[in-house]
Amino acid sequence: MDLGSLIALVLAISSPLITAVINAWHQQEMKKIDVFTHEQEIRSKHIDEYLHAAGSAIATLRPSSVCNASKEQSEIGVFVARSASVIMYLDDDECQKYINRIVDAVEGKECSAAYQTFFTLSSRLAELEAERTRELAQILHRPGMLQSLHFRIVNHIRRFQPRRQRKGR
């Protein structure tokens, strides 16, 4: 047995093990992506519901708004409830402060302050979502690098195979 045959034998035996390890790692990465995107969907849903409730509550405060008192109280109640639940999904202290300021402004019936803080909060949330999108893009690019590594390993194995085995395929 010459050195080339010995190397080909070792690589042929270790190739399935390397492939299994790479596939297991790849599956873990795909699971992380699934978990991350699922959490993103839930988070986005809660933020969207909060923004809708906040907009509706603030709209009822406008002087030109023609709402009866019960509808106004209903909108404000939904808004306050959404405010308490959305804070769980925001890990940014600034956003939490803005939400608390909006709640105080709505409960104090200060329309302009509520609108101003709502606009600032919306801008901050847009920045955070852009950041999260970049994070997801970075996570999604990792499996591609892993796959290219796998194909390079396979090509090295093929290069070391004796010519008789390559012709037989």
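The values are calculated or read from the model by the stated rules, or taken from the named source; none is laboratory data. Since the model is a prediction, treat every value here as computed from it, not as a measurement. Every residue, glycine as well, gets a Cβ built from its backbone with ideal geometry; the counts of neighbours run over all protein chains shown. Accessible surface is based on the protein model in full, side chains and every heavy atom, while ligands, DNA and RNA are left aside. Shrake-Rupley method; radii C 1.70, N 1.55, O 1.52, S 1.80 Å.
Once backbone amide H atoms are built at 1.01 Å from N, residue 62 has no partners under 5 Å, excluding neighbours fewer than 5 places away on the same chain.
Where a ≥ b ≥ c are the square roots of the eigenvalues of the C-alpha gyration tensor, would you call the stretch 1-95 rounded, which needs a/c under 1.5, or, failing that, prolate if a/b is larger than b/c, or oblate? In terms of gyration-tensor shape, prolate.
For the pair residue 129 and residue 6, label points projected 7 Å from Cα toward Cβ lie 6.2 nm apart. Counted residue by residue at 0.36 nm each, then reduced by the alpha carbon distance between them, the extension gain from residue 120 to residue 23 reaches 30.4 nm. The mean accessible area for residues of the stretch 1-56, using a 1.4 Å probe and ignoring ligands and nucleic acids, is 65 Å² per residue.
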